[in-house]
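Read the structure below first, then the notes.
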Amino acid sequence: MNTLLNYPVLKKLSSLHWVIAILFASTLYVTVCNLFFAEGTLLHVSDYTVSLLGKYLCYALLALAVDLVWGYCGILSLGHGAFFALGGYAMGMYLMRQIGDRGVYGNPELPDFMVFLNWTELPWYWAGSNNVLFMIVMVFVGPGLLAYLFGSLAFRSRVSGVYLSIMTQAMTYALLLSFFRNEMGFGGNNGLTDFKEIFAYSLQSPDTKLALFVATAIALAAGYAVSHFIMNSKMGRVITAIRDAEDRVRFVGYQPAHFKVWIFVVSAMLAGLAGALYVPQVGIINPGEFSPLNSIEIVIWVAVGGRGTLYGALIGAVVVSYAKTRFTAIMPEAWLFALGGLFVLSTLLLPKGLAGLLDKLLNQISPRQTETTANAEKPAAVEVK
Amino acid sequence: MIVDSKGALLSSQDLNTKHGMILYVEGVSVSFDGFKALNDLNLYIKDGELRCLIGANGAGKTTLMDVITGKTRPDKGKVNFGQQIDLLTLNESEIARAGIGRKFQKPTVFEALSVFENIELSLSGDKGIYSTLFHKLSGAQKDKIEEVLYTIGLIAERNYPAGRLSHGQKQWLEIGMLLAAEPRLLLVDEPVAGMTAQETERTAELLTSLAGKHSVVVVEHDMAFVRSIARKVTVLHEGSVLAEGSMDEIQENRAVREVYLGEEQAEL
Amino acid sequence: MLRLFSLLVFCLMSWHVAADDHLATAGNEQQAETTLASLLKQLPNTKLNKMAPLIKKIAATSAPQVPAILETLQAGELYYLKANKQLVHAQRTQHKKYDLTDLLSNAPLPSVTSSAIKKVRTNNRIRRQIGDLLSNMELNAKDPAIRLEAVKQLLDSPNKVGIKSVTLLHDNEPQSKIRELMSVVLAVEQLKAGTEAEKLAAVSILTGRLEPAVKNALVKALDNSTALSDKSELTRALSHAIDKIEQQGDLYQIADHLFFGLSLGSVLLLSAIGLAITFGVMGVINMAHGEMMMLGAYTTYVIQQTFPTLIEYSLLMAIPAAFVVSGLVGIIIERGVIRFLKGRPLETLLATFGISLILQQLVRTIFSPLNRQVEAPQWMSGSLDINPIFSLTYNRLYIILFALMVFFSLLMILKKSSLGLHVRAVSQNRDMARALSIKSSWVDAITFGLGSGIAGIAGVALSQLTNVGPNLGQAYIIDSFLVVVFGGVGNLWGTLVAAMTLGTFNKFLEPSMGPVLANIIVLVGLILFIQKRPKGLFPQKGRAAE
Ligand SMILES: Nc1ncnc2c1ncn2[C@@H]1O[C@H](COP(=O)(O)OP(=O)(O)OP(=O)(O)O)[C@@H](O)[C@H]1O
Ligand SMILES: [Mg+2]
């Protein structure tokens, strides 16, 4: 490792290259091992593992979204689960329509739950939901619009800090209550489920699952690249500056509210994309996704991973989700203890998260001379607090 | 409006200063819960002038700067920048882009960013969302940053995170950020607090050299410093102007002696 | 059961049997009882068709046990032992098994199977006769409360016998309130069957009465008279009377919503008030605040389990206990975690959220994930009847009073005590306060303990209103924060106003749109309000607030 890191070529690689390389390698590995190694062989990766990994990657994308607003812009959103869920519902509506007349009631137009409620026609907001392009647009527009409305109200009137956090929590709570109502037309309590196929491929088939996993990996890489681009542009520096001294930014001539709304919307769209990829892989979307606890769990991924570093968010999401999977399998009642403990310990002892730890380790192995090298292009946020 | 639809600033060179005046503050009053921080205050700053503002603690100096920069809205009065720009209709960032720069009493820099980046963000230019997203530093801009770094003596610290600078260095960096923005009018609140005698001298030099090209308003308690730079001094007392004139005139002024210089006379 | 109990306790002696105008005055009690005993002996042998006169005689003895005996007979629980014809009150416990008590002495007897006893038979007519007799006895009762209750019942379900006795009793009734109600009963009768003039007189008596029966009678009378397409004085009087009653009804409907709203507001106040200290005054974001309430509720549960015989006093014991438990846990949290996160509100938020998860799981592990049953003491049940359509239930009334009491005590503590002074000093300028040798760390711990302790007290109150389970706190945390923010952080009065406003608003919306939608609308309204006025209803002033 030591010698490796000292190669000038490797030193020039930014975190973007590393993350994409690792993502690519692991996706390739999983794909090959899933397709070409038979069950029972050492290298086989089961279909179950594939969808589990797909889920983790969705979480990673979601964590990335939260990191953009919290880690870089200081907006602690306790309502990002709402954007995730909205993206998920947009996808869920499309999948629901793909069921066609194969539902329990065999109605070619209406999803089962609407027939059950004695509705005779689709509500207006379901119009177009069977069109792929429309769905893709809605995955971004739904969460983006909500973020825009909420953000422009909140940021223009300079609601910030914990007030904003509480408002975002109230927002997702209000949505939770709303989506529980049958009258909303989103399946109430049960949500949307019993999907059959996506783009005419059966959701049950292992190949579709693998394809969804690969698609998620690509989306994550793209999301990471976009975030990386933003954060290394001048805009990224403005956003970091807003986090540290919003007032000062204003007197330098930028409109912090505009930047905050913009990054909030971008982040919401990423979260929506994560939700849309998540739903076909788990086969259901219900109002539970709006619960404040979910949103707060995302924040803890980012905190554990290390906020303010993009790769930290990914590490946090995957590590904590993996721990959750293991814990809930072995001793379910201990999970909340562990999660609670994580919250407390990571804030007290690991303010920079795992990424901070990793950075320290790498620095010890091969001290990078951060202060003396004249390198103005260096991504500042990765290096410093 | 001097700000076009994209929020970009019309060059501050276009500012109309026909009568030689760059700032008009007329009849401004500000009250906080009935307490009058500013009381029917009038102040005129000439284009290119260096003006010192003195007054006891709580006289309203910082509040006046808050009013000019849009942080505090006055209860009544008029604040104009040049001939056409009514500052009361603009918000803080619009005022900044119109060409008014401000240094705070308590130094605030962007601690997570490097010294270089702090200055980069302060450069004048389009500050809209998309132009910052796709922004590339031009050669001229790089030169400008170098120049500023040189002026404030932070060339060696260019890649330091600003949070690690000493108090005095932060003061300098903040001044550097002001210079980079090339404002027509600089408002400087207590620039030499926390500086060594030597640094104070340098600051004095810098401020005097700025006058002419820029208009500068300096608030300072350090009388020796004021004396070293001042051409014209305004004394604030309880929210209004008590006296105005050269340092010597001010010292002779009876009202000022009574309310302000009373115990400090020996020093002067 | 309650009625039976009061009947026995207040032991009415004189009653009036309307059927034969026989007036049994309260004579020698002893003698009454021996007559009763001999009459009862005939019960097992009397044929069904001879039953009515016998029952009449029994009632006429005026012995104190009579109402209980008649009710037992009416309920079909009067049996006699086949062996010795002893009369017993039998209640089936399980299949073919009966618990017995002696009819006269109420002494418990050994349980038997169904083959050992035989029922004293009745039929519908006899049961109705008993009902009439009983209500008549009540109409004649000495205790005015029982008389009043009897008249009220008669109004709701009129019967001929009752009406006849009321006609006779009306003029001699000493209590004006009961007399009025009696005339209402009579007026309702007149409205049914009287002449035009009588009906008009009846309407004037009935105008302004709020009893539902009165309104029904008026509406029915109006229906009948319009059926005759009669634009008479009577029709006008009737519709006028109905309008007036409806107007009053609306008014009391509003009062009712207001009462419910205030009681909901009090719950919000109780849950937010602790937060108003920890968040509002100290600036600490305690997401485990809800769990402090949960701990208070569980403390109540534990106290009831430990002292099962003292349910009546359990709440009074729980209040200090919950204060101490939650307060101590609060202090531990402050010392163990929060103080290391000074000035980092977002981190504090996350860490305390973690603590809330741990506390929830702890309770789940110790007490089970299921909801626990916390009993309500007797004095919390029942209601204060203001008029026939408006009553205040005691539990809500107590909650309102309790919330206000806690609020004002806290206000006093913060205003008058030296702790209050120190708290405000520390919250406004920590360094300065320390320079004045105020032990800021000590003040922080105590203040946080105080806020948490009050949350514990709120939990005691909540245990009377909602399910006591591990998630109790979660349900209130968002609301609590919104109340504090809505009211204006750092302003206790703001919290009071905010809680009451939100509670009332919610309850006024609820009837037209259901509880969930009302909740959603209030939430969205709040979010919008805070966007417009980020500092709440009553913002804190000064530079420090910026
Ligand atoms: N936001 C505010 N709320 C309440 N009072 C304020 C506020 N801002 C200023 N004041 C009051 O207005 C008066 C003027 O304050 P200002 O800061 O302008 O004084 P100053 O002349 O700058 O004093 P110093 O020399 O100490 O900096 C002071 O009495 C201050 O308490
Ligand atoms: Mg000042």
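The values are calculated or read from the model by the stated rules, or taken from the named source; none is laboratory data. Keep in mind the model is a prediction, meaning the values are calculated, not measured. For neighbour counting, all protein chains shown are included, and Cβ atoms are generated from backbone atoms with ideal geometry for every residue, glycine included. Surface areas here come from the heavy atoms of the whole protein model, side chains and all, with no ligands, DNA or RNA. Shrake-Rupley method; radii C 1.70, N 1.55, O 1.52, S 1.80 Å.
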Given R₀ = 41 Å, what would the calculated FRET efficiency be for A:Thr325 paired with C:Ser381, taking r from the Cβ atoms and rounding to 0.05? 0.25
With label points set 7 Å from each Cα along the Cα-to-Cβ direction at C:Arg236 and C:Gln248, the distance between them in nm comes to 2.2
Suppose every Lys and Arg Cβ carries +1 and every Asp and Glu Cβ carries -1, with no other charges. What dipole size does the protein assembly as shown come out with about its Cα centre, to the nearest 20 debye? 2360
Using the alpha-carbon centroid of each, what span in Å lies between the range A:117-165 and the range A:200-277? 17
List the pairs from A:Lys324/C:Lys439; B:Lys103/C:Lys416; B:Lys78/C:Lys535; C:Lys50/C:Lys82 whose alpha-carbon separation is above 32 Å, in the order I gave them. A:Lys324/C:Lys439; B:Lys103/C:Lys416
Positive end of the charge dipole of the range C:356-446 (Lys, Arg +1 and Asp, Glu -1 on Cβ, about the Cα centre): tell me which of C:Asn395, C:Ser441, C:Phe408 has its Cα farthest that way. C:Ser441
Straight-line reach from C:Lys96: which aspartates and glutamates have a Cα under 17 Å away, not including same-chain ones fewer than 8 places off? C:Glu77
Cut-off 10 angstrom, C-alpha nodes, Gaussian network model of chain A. Which of A:Val249, A:Val141, A:Val261 fluctuates the most? A:Val249
Which whole-number percentage describes the relative contact order of chain A, with Cα contacts under 8 Å and a sequence gap of 6 or more? 29
How far apart, in nanometres, would the label points at B:Tyr150 and C:Glu312 be if each is projected 7 angstrom from Cα along the Cα-to-Cβ direction? 9.4
Taking a probe of 1.4 angstrom, what is the accessible area of A:Trp262 in Å², to the nearest 10? 40
Give me a single rounded figure for B:120-129: the average over its residues of other chain Cβ atoms within 10 Å of their Cβ. 5
Could you give me D for the protein assembly as shown, from Stokes-Einstein at 20 °C and 1.002 mPa s, where the hydrodynamic radius is the Kirkwood radius over C-alpha pairs? Units µm² s⁻¹, please. 58
Taking amide hydrogens as modeled 1.01 Å from N in the peptide plane, which residues meet the under 5 Å criterion relative to C:Leu109, leaving out close sequence neighbours? C:Leu100, C:Thr101, C:Asp102
J(HN,Hα) series, the range C:210-221, from Karplus relation 6.51 cos²θ - 1.76 cosθ + 1.60, nearest Hz, glycine and proline x: 9, 4, x, 4, 4, 4, 4, 4, 5, 4, 4, 4
Please identify, among A:Ala329, A:Ala85, A:Ala303, the residue showing maximal mean-square fluctuation in a Gaussian network model of chain A using a 10 angstrom Cα cutoff. A:Ala329
For C:Thr195, solvent-accessible area (1.4 Å; no DNA, RNA or ligand), Å²: 80
Within the range C:381-421, which residues have the backbone N less than 16 Å from the label spot 7 Å out from C:Met432 along Cα→beta-carbon, could you tell me? C:421
Residues meeting the amide H criterion for B:Ser240 (H placed from the backbone, H to H distance under 5 Å, 5 or more places apart or on another chain) are B:Asn39
In percent, what relative contact order does the range A:172-318 have, based on Cα pairs under 8 Å that are 6 or more apart in sequence? 33
Which entries in the list C:Lys47/C:Lys119; B:Lys106/B:Lys136; A:Lys352/B:Lys71; C:Lys142/C:Lys215; C:Lys215/C:Lys244 go over 22 Å, if you measure between the two C-alpha atoms of each? B:Lys106/B:Lys136; A:Lys352/B:Lys71; C:Lys142/C:Lys215
Taking amide H positions as placed 1.01 Å from N in the peptide plane, with prolines and chain starts having none, which residues 5 or more places from A:Ile75, or on another chain, fall under 5 Å of its amide H? A:Trp70
Per residue of B:96-109, how many C-beta atoms from partner chains lie within 10 Å of its own C-beta, taken as a mean? 3
Could you report the accessible area of C:Asp223 in Å², rounded to 10, computed with a 1.4 Å probe on the protein chains as they sit in the structure? 90
Karplus-derived 3J(HN,Hα), 6.51/-1.76/1.60, for each residue of the range A:347-352, Hz, glycine and proline x: 6, 6, 9, 10, x, 9
With only Lys, Arg, Asp and Glu charged, each at its Cβ (+1 for the first two, -1 for the last two), find how big the charge dipole of the range A:197-351 is about the Cα centre; round to the nearest 20 debye. 500
In the protein assembly as shown, if the dipole is taken from +1 on Lys/Arg beta carbons and -1 on Asp/Glu beta carbons about the Cα centre, which of C:Ile130, A:Ala274, C:Gln464 is farthest to the positive end? C:Ile130
Using heavy-atom solvent-accessible surface (probe 1.4 Å) with all chains present, what is the largest-first order of C:Phe407, C:Phe508? C:Phe508, C:Phe407
For residues of A:347-358, the mean tally of beta carbons on other chains within 10 Å: 2
Rounded to the nearest 500 deg cm²/dmol, what is the calculated helix-only ellipticity per residue at 222 nm for the protein assembly as shown, with -39500 (n - 2.57) per DSSP H run of length n ≥ 4? -19000 deg cm²/dmol
Taking θ as phi - 60°, what are the ³J(HN,Hα) couplings along the range B:244-254 by the Karplus curve (6.51, -1.76, 1.60), each to the nearest whole Hz, with x for Gly and Pro? 8, x, 6, 4, 5, 4, 4, 5, 7, 5, 5
Does the range A:7-291 come out rounded, prolate or oblate by the C-alpha gyration tensor, with a ≥ b ≥ c the root eigenvalues, rounded set by a/c under 1.5 and, if not, prolate when a/b is larger than b/c and oblate if not? oblate
Taking R0 as 56 Å, what's the FRET efficiency between A:Trp124 and B:Glu249 from their Cβ-Cβ distance, rounded to 0.05? 0.15
List the aspartates and glutamates whose Cα lies under 19 Å from the Cα of C:Lys342, skipping any in the same chain that are fewer than 8 positions away. A:Asp244, C:Glu334, C:Asp431, C:Asp444, C:Glu546
Cα lying deepest toward the dipole's positive end in chain B, options B:Gln141, B:Gly58, B:Val259, charges on Cβ: B:Gln141
What FRET efficiency comes out for the pair C:Ser418/B:Lys36, r = Cβ-Cβ distance, R0 = 51 Å, nearest 0.05? 0.90
Cα centroid separation, the range C:315-365 to the range C:48-81 (Å): 63
Where B:Thr196, B:Thr151, C:Thr72 fall by accessible area, highest first, once all protein chains stay in place (1.4 Å): B:Thr196, B:Thr151, C:Thr72
What is the magnitude of the charge dipole of chain C about its Cα centre, with +1 placed on the Cβ of each Lys and Arg, -1 on the Cβ of each Asp and Glu, and no other charges, expressed in debye to the nearest 20? 1060
